[in-house]
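Working notes, beginning with the structure itself.
The values are calculated or read from the model by the stated rules, or taken from the named source; none is laboratory data. These figures come from a predicted structure and were not determined experimentally. Here the Cβ positions follow ideal geometry from the backbone for every residue, glycine too, while neighbour counts run over all protein chains shown. Heads up: the accessible areas ignore ligands, DNA and RNA and are worked out on the full protein's heavy atoms, side chains in. Shrake-Rupley method; radii C 1.70, N 1.55, O 1.52, S 1.80 Å.
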Amino acid sequence: MLLVEPLPEALADGLPRPFGTVSFRGVVWDLSHLSPFAFRVQIAERCDVSVLVLFSCHCFTKSIQWDARPIASIPTQEIYTDGRERRVLCPERYALSRKILRKIVLSLGTRRITLADDRRPNFVTHEHVDALGRKALYAVFFEVERDRRRKRLILRVQSAYVLEGGLTRRQREAKKIALSTLLRNIHKGSPIRA
């Protein structure tokens, strides 16, 4: 069972800060739902571990190459730069991140996580109905690693978006793993096995 606990300030030392103010077509986007937080989970008898959750800008932006407009016609106000890369603000990703992303992360303990490969456990999916009443498959891609400075794990949500066309064959046939098994193996430094 996941026990959510507030993120103490000490846990946030040296970690990325929230994304600041972002405005899309005159509307300010509240990105506070993508602020780091922590939860505790029991991974073995008498062994609880803290998990720090971090989000990337890919949860509310998309690659410039995936924008239907020519690059020159994308307004500069719709370009988001995090210091490493330039991306386009995406209203769909932003809306879904506000509506369901945090809930999905908090419910990972009750979900089967699909492994992209044994070295990078990185996604879980969630089906939902979009604004037009159509079914869509929302995918949350993440990695988990040990924090070298503290006795905790870091879960980095790399991206979250609707999978156009659904799951690929590789994704449908990928191994499944429970969160407790994934966290226990990473905590011990063991290979990931479903």
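Observations
- When only Cα pairs below 8 angstrom with a gap of at least 6 residues are kept, the chain shows a relative contact order of 20 percent.
- Accessible area of Arg112 in the full protein assembly, 1.4 Å probe (Å², nearest 10): 140
- For segment 5-188: rounded, prolate or oblate by the Cα gyration tensor [a/c cutoff 1.5]: oblate
- Alpha carbon centroid spacing (whole Å) that separates segment 15-77 from segment 105-177: 15
- Averaged over residues, the count of other Cβ atoms within 10 Å places the peptides 146-155, 75-84, 91-100 in the sequence 91-100, 146-155, 75-84, highest first.
- In segment 5-188, lysine pairs with alpha-carbon atoms under 19 angstrom apart (chain gap of 8 or more, or interchain): 4
- Sites Ala44 and Arg172 - FRET efficiency at Förster radius 41 Å, r taken between beta-carbons, to 0.05: 0.85
- When the Cα gyration tensor is reduced to axis lengths a ≥ b ≥ c, the ratio a/c is 1.5 or higher for segment 55-134, and with a/b above b/c it is classed as prolate.
- Residue-averaged [θ]222 nm for the chain, counting only DSSP H segments that reach four residues, each worth -39500 (n - 2.57): -3500 deg cm²/dmol
- 3J(HN,Hα) from dihedral phi, segment 20-30, Karplus parametrisation 6.51/-1.76/1.60, rounded to Hz, x for glycine, proline: x, 7, 10, 10, 10, 6, x, 9, 6, 8, 7
- Simple spin-label estimate for Glu92 and Arg112 in nanometres, 7 Å along Cα-Cβ: 2.7
- With a Förster radius of 22 Å applied to the beta-carbon distance between Ser190 and Arg149, the computed FRET efficiency rounds to 0.55.
- Dipole magnitude of the chain about its Cα centre (Cβ charges: Lys, Arg +1; Asp, Glu -1), debye to nearest 20: 560
- Chain lengthening between Asp130 and Asp30 when straightened (0.36 nm per residue, less Cα-Cα): 34.0 nm
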